[in-house]
Amino acid sequence: MKQDICEKEIITPRDFPSAYPSLPSFIPNRSGSNFALFDFSNSPASDQGKEDRSITYQSLLRATLFGPDKPGTPASRNIFRYKTETKRSLHSLRPLGYDESGPGISHSPVKAPRKVPTSPYKVLDAPGLEDDFYLNLVDWSSNNVLAVGLESCIYLWNACGNKVSKLCDFGISDGICSVGWAQCGTHLAVGTNNGQVQIWDASNCRRVRTMEGHRSRVGVLAWSSSLLSSGSHDNSILQIDIRARDDFASKLVGHKNEVCGLKWSYDDRELASGGNENRLLVWNQHSAQPVLKHCEHTAAVKAIAWSPHRHGLLASGGGATDRCIRFWDTTTNTHLSCLDTGSQISNLVWSKNINELVSTHGSSQDHIIVWRYPTMSKLATLTGHTTRVLCLAISPDGQKIVTGSGDETLCFWRLFPASKSQSTDSKIGSSSFGRTTIR
């Protein structure tokens, strides 16, 4: 099959002059080039005007790239030398005055690390606050009232009005071992040295119920939406339904020594308990036996905290011979990580506003640490107490904590930002500086 071929005129280099007779020869003319700018020794000489313009251009270019010369600084610089005397924006390398505020240009400044105040904004004297690792004598209600057990008395501090009132006095017949607010914020549970659990109406300062069942002191309490759990020196946990007539609905037996840690998960499905025999147990709502058992700690497990940010994430802290914070996934029964803090861990609490947690410590550091999770990098170390920090509670807005110590003081700290749902900053203690007494 015959194929049509388009004929094209091919112009060879030798035909170039004849094909385009009107074009000049393409041999560059360098007579006007400024070779002095590039420091070529064989460059042709130029007149004085061109040389002045070259010097001016070099000075302008050098000033644009490297900044103006300082007095006594050599004009020539090594372009690859590390420059540490100034920190300049990348835009400053743009010649002839780049406009930082030009249209269509958006700048994202680097976010500075969050600063955590390292001094308490308020200190309350708490004479009679017991120096006992196994007691839980401070709790902060959803109605912004702090309950504190001092010897045989319970005092209430209203954070909004900065007022103190006495709820009750047990006298010499009994002592306070634990306090815990119901989720509604109006009723307070009290664990006593004689093994009783009492419910008090804080608004009317009257006791509404007393439950028996423990044979020894009740050192820890934990509320869910429908149950009150109490942990005792008799190694047992009582599940109390305050709507029922019976003193308790069930008894959980799994620890071989005093129950000193107790926390319900945020969805009320799981209860974590820590014992003085170094074990961490997890129970579900209906189990009579623990569904998970962890024996990795080597000291008493008092510090327990559930994450409000991830379902099933549990943190636990060990005592003086353990010093470790351990993280667990209770949905998969997995030990996630372990961090040696170097000091006895008395309490843990997770911020509900941001993925951070606080640990309080006894011997030998006696301080408070704010951690960023999951990296567990330290954000701040707080050193306002002179002896071991034994009590910890978080404010209802999630921005502040209070710590209690054997030095008989309560320190209030601003640690966390407001949650996204909070339109204005909380005024809890915002105008209360200085030092007063809880009594």
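Charges were assigned to the Cβ only: +1 to each Lys and Arg, -1 to each Asp and Glu. The resulting dipole of the stretch 122-417 about its Cα centre is roughly 540 debye. Here's how it looks for CYS177: its modeled amide H is under 5 Å from those of GLY191, THR192, ASN193, which are all 5 or more places away or on a different chain.
Taking the accessible area of the stretch 122-417, probe 1.4 Å, and keeping the other protein chains in place, the carbon and sulfur fraction comes to 45%. Take GLU212: with every protein chain present and a 1.4 Å probe, its accessible area is about 80 Å². Other residues with beta-carbon under 11 Å from the beta-carbon of CYS324 carry, at +1 per Lys or Arg and -1 per Asp or Glu, a net charge of -1.
Each part gets one Cα centre, and for the stretch 176-231 versus the stretch 307-353 those centres are 26 Å apart. In this Cβ point-charge picture (+1 for Lys and Arg, -1 for Asp and Glu), the stretch 161-222 has a dipole of about 60 debye about its Cα centre. Across the stretch 123-187, Cα-Cα distances exceeding 14 Å account for 57% of all pairs. Computed as a quarter of the hull surface, the mean projected area of the alpha carbon convex hull for the stretch 114-233 stands at 8.8 nm². Over the stretch 122-417, accessible surface divided per residue gives 36 Å², non-protein components excluded, 1.4 Å probe. For ASP407, the residues whose modelled amide H falls within less than 5 Å of its own, excluding neighbours fewer than 5 places apart on the same chain, are THR386, THR387.
Sequentially through the stretch 360-376, phi angles give Karplus couplings (6.51, -1.76, 1.60; θ = phi - 60°) of 10, 9, x, 4, 10, 9, 6, 10, 10, 10, 9, 10, 9, 9, x, 6, 6 Hz, Gly and Pro residues having no value and appearing as x. Remark: the stretch 209-266 carries a charge dipole of roughly 60 debye about the Cα centre, counting +1 on each Lys and Arg Cβ and -1 on each Asp and Glu Cβ. Value of Rg to Rh for the stretch 224-352, rounded to two decimals, is 0.96; Kirkwood radius and Rg both from alpha-carbon coordinates. Figure note: ARG372, ARG243 ranked by solvent-accessible area, largest first, 1.4 Å probe, ligands and nucleic acids not counted: ARG243, ARG372. Dimensions of the stretch 300-439 based on its C-alpha atoms, expressed as ranges along the principal axes with the largest first, amount to 45, 38, 24 Å. Counting only Cα atoms, the size of the stretch 122-417 along its three principal axes is 46, 44, 31 Å, in decreasing order.
The values are calculated or read from the model by the stated rules, or taken from the named source; none is laboratory data. Computed from a prediction, not measured in an experiment: that's the story for all the values here. Here Cβ is always computed from backbone atoms with ideal geometry, including for glycine, and neighbour counts include all displayed protein chains. We work out accessible area using only protein heavy atoms, side chains counted, and drop any ligands, DNA or RNA first. Shrake-Rupley method; radii C 1.70, N 1.55, O 1.52, S 1.80 Å.
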